Amino acid sequence: MNKPATPNSFRTGPDEQGMFGIFGGRFVAETLMPLILDLERHWNEVKNDPDFRAELTNLSTHYAGRPSKLYFAEGLTKHLGGAKVYFKREDLNHTGSHKINNCLGQILLAKRMGKKRIIAETGAGQHGVASATVAARFGYPCVVYMGATDVARQSPNVFRMKLLGAEVRPVTAGHGTLKDAMNEALRDWVTNVEDTYYLIGTAAGPHPYPELVRDFQSVIGSEARAQILEQEGRLPDTIIAAVGGGSNAIGLFHPFLDDKDVRIIGIEAGGRGLDGIEHCASMNAGSPGVLHGNRTYLLQNADGQIMDGHSISAGLDYPGVGPEHSWLRDSGRVEYVPILDDEALEAFKLTTRVEGIIPALESAHAIAHAVKIVPAMDKDQIVIVNLSGRGDKDVHTVANMLGMEI
Ligand SMILES: *Cc1c(COP(=O)(O)O)cnc(C)c1O
């Protein structure tokens, strides 16, 4: 692929059509267009509205627990013997990950739009739980679409959503995973035009979703940037985040995109290796195509059929990636690197032992890359890793991988 010309700023996208270069846009059915345009109009109204911002900040502070800490991971730093490692502690948020940032923003948007009903899709159930949480907080009925396969293997999260008052609808189409749940949510949206808000879970989907989800998640990077300036008096040398659909990563990256000396690295799920099909590295082993209303890098076969990704981490197995990442990849501003299941598992164990922090397996992918590059860096250099979530949800998976019983 030809490298596009380097823009003056990497922070101005998307354009009016919702494009990041050749990626993004809104490839949706005619019937969905009025809803998308209505959403865009309201989004443009609220995005710079001080009252909206104040309400969001208030909830982020007192309900979700922001700002999240920027923590010097001294144990890991000593262990690796190179650059200083910091963790941005999204694991400390209410519901255990960065997902609440997006859900709070979107539920306030739904309220502004006068919507009466919330729908969401979920894979492993983390976004479903966060959506059910904000729906409970604001008194909305909530329907969560979840692939039937995922319903069976994520029963604790299904139970949590039910406790929170949401209805979980299993989707049997396709392989019964996240991609199918997302299709079903889009279908529900078209048939319930008047009253329903679709609370999408990552920085993907048709414009303006990639932009608004990025905006709500950018609180991660804005805080981290101010915190490192305060704690170290300078910007980091490298920042790292795991990429599923890409929301925690774009949230960390976006405020740093024009800091030319900051190296930015996104981590894809390398699964059992990129030579086979058991991975979820759409930017390293996929090709551009259209899925869920936007053009982006996807895992697809020669006929354009979307493939099911594999990762030990359920939050990383979306077969696509948000369109802004595809653009950042091709423009060369951000590097995207795969990390294997086994490497993530090692980083999970290491972080637990030397930091007393059990990271989400998704976040462990980002840490695993730090483990690789930090030892060769100078001691006065700084690396920030986004700890996107906590690992309590993953203990069964880890026990399984280690051949242990809980
Ligand atoms: C969902 C999830 C991810 C992946 O989603 P993104 O949209 O790529 O951020 C990463 N980490 C955790 C803890 C998650 O729950």
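Place a +1 charge on the Cβ of each Lys and Arg in the chain and a -1 charge on the Cβ of each Asp and Glu, then give the dipole magnitude about the Cα centre in debye, rounded to the nearest 20.
680 debye
Over the chain, with a Gaussian network built from C-alpha contacts below 10 Å, which listed residue (GLY65, GLY270, GLY18) shows the highest mean-square fluctuation?
Of the options given, GLY65 has the highest mean-square fluctuation.
Under a point-charge model restricted to the Cβ atoms of Lys and Arg (+1) and Asp and Glu (-1), what is the dipole moment magnitude of segment 333-406 relative to its Cα centre, in debye to the nearest 20? Write down the numbers at each step before the final one.
Working: 7 positive and 12 negative charges, 33 e Å.
Dipole about the Cα centre, nearest 20: 160 debye.
With an 8 Å cut-off on Cα pairs and a minimum separation of 6 or more residues, tell me the relative contact order of the chain in percent.
21 percent
Give the shape of segment 176-294 as rounded, prolate or oblate, defined through the alpha-carbon gyration tensor: a ≥ b ≥ c are the square roots of its eigenvalues, a/c under 1.5 means rounded, and otherwise the shape is prolate if a/b is larger than b/c and oblate if not.
Details: a/c = 2.92, a/b = 1.41, b/c = 2.07.
Oblate, because a/c is 1.5 or more while a/b does not exceed b/c.
Give the range of the longest stretch in the chain that excludes all GluC sites (Glu not before Pro) found in loop regions by DSSP and having at most 13 other beta-carbon atoms within 10 Å.
195-404
With a cut-off of 16 Å, note down the residues of segment 50-92 whose backbone N falls inside the zone around a label point 7 Å from the Cα of ASP392 toward its beta carbon.
64-65, 90-92
Rounded, prolate or oblate: which fits the chain, taking a ≥ b ≥ c as square roots of the Cα gyration tensor eigenvalues, rounded meaning a/c under 1.5, else prolate when a/b beats b/c?
It comes out rounded by the Cα gyration axes.
Around GLU74, with a cut-off of 12 angstrom between Cβ atoms, what is the net charge of the other residues, counting Lys and Arg +1 and Asp and Glu -1?
Cβ neighbours under 12 Å give a net charge of +1.
Pick from HIS207, HIS292, HIS127: which residue has the top mean-square fluctuation in a GNM of the chain where Cα pairs under 10 Å get a spring?
It is HIS292.
Find which of GLN300, ALA376, PHE216 sits farthest along the positive direction of the dipole of the chain, computed with +1 on the beta-carbon of Lys and Arg, -1 on that of Asp and Glu, about the Cα centre.
Farthest towards the positive pole: PHE216.
With +1 on the Cβ of every Lys and Arg and -1 on the Cβ of every Asp and Glu, and nothing else charged, how large is the dipole of segment 1-91 about its Cα centre, in debye rounded to the nearest 20? Each step should come with its number before you reach the end.
Working: 12 positive and 12 negative charges, 147 e Å.
Its charge dipole is roughly 700 debye.
Can you give me the distance in nm between label points at ASP342 and VAL290, each placed 7 Å from the Cα along the Cα-to-Cβ direction?
It is 4.1 nm.
Determine the alpha carbon to alpha carbon distance for each of LYS349/LYS372; LYS99/LYS379; LYS115/LYS393; LYS179/LYS349; LYS116/LYS162 and list only those over 22 Å. Intermediate values should be presented prior to the final figure.
On the way: LYS349/LYS372 15 Å; LYS99/LYS379 33 Å; LYS115/LYS393 31 Å; LYS179/LYS349 30 Å; LYS116/LYS162 19 Å.
Those over the limit are LYS99/LYS379; LYS115/LYS393; LYS179/LYS349.
Please identify the trypsin sites (Lys or Arg not before Pro) of segment 216-266 that satisfy two criteria: DSSP loop assignment and at most 11 other Cβ atoms within 10 Å. Which are they?
ARG234, LYS260
Test of understanding: what is the full-extension gain from ARG137 to SER9, defined as 0.36 nm times their sequence separation minus their Cα-Cα distance?
42.3 nm
Accessible area, 1.4 Å probe, largest first: how do ASP258, ASP392 sort?
ASP392, ASP258
Of the residues ILE267, ILE22, ILE358, which exhibits the maximal mean-square fluctuation in a Gaussian network model of the chain defined by a 10 Å Cα contact cut-off?
The residue with the greatest mean-square fluctuation here is ILE22.
For THR31 and MET113, calculate 0.36 nm times their separation in residues minus their Cα-Cα distance, and state this gained length in nm to one decimal.
Going from the current span to full extension adds 27.6 nm.
For segment 111-168, what number results from the quotient of the Cα radius of gyration and 2.2 N^0.38 Å?
It is 1.06.
How much length, in nm to one decimal, is gained on full extension between LYS349 and GLU167, taken as 0.36 nm per residue of separation minus their Cα-Cα distance?
Gain in length upon complete extension: 62.0 nm.
Would you compute, from DSSP H runs of 4+ residues alone, the mean residue ellipticity of the chain at 222 nm, taking -39500 (n - 2.57) per run and dividing by the full residue count, rounded to the nearest 500? Each step should come with its number before you reach the end.
Numbers: 16 runs with 165 residues, N = 406.
For the chain, the value works out to -12000 deg cm²/dmol.
The values are calculated or read from the model by the stated rules, or taken from the named source; none is laboratory data. It should be emphasised that the depicted structure is a prediction, and the values quoted were computed from it without experimental measurement. Backbone-built Cβ (ideal geometry, glycine too); neighbour counts: all protein chains shown. Just so you know, the surface numbers come from the protein's heavy atoms only, side chains and all, with ligands and any DNA or RNA stripped out. Shrake-Rupley method; radii C 1.70, N 1.55, O 1.52, S 1.80 Å.
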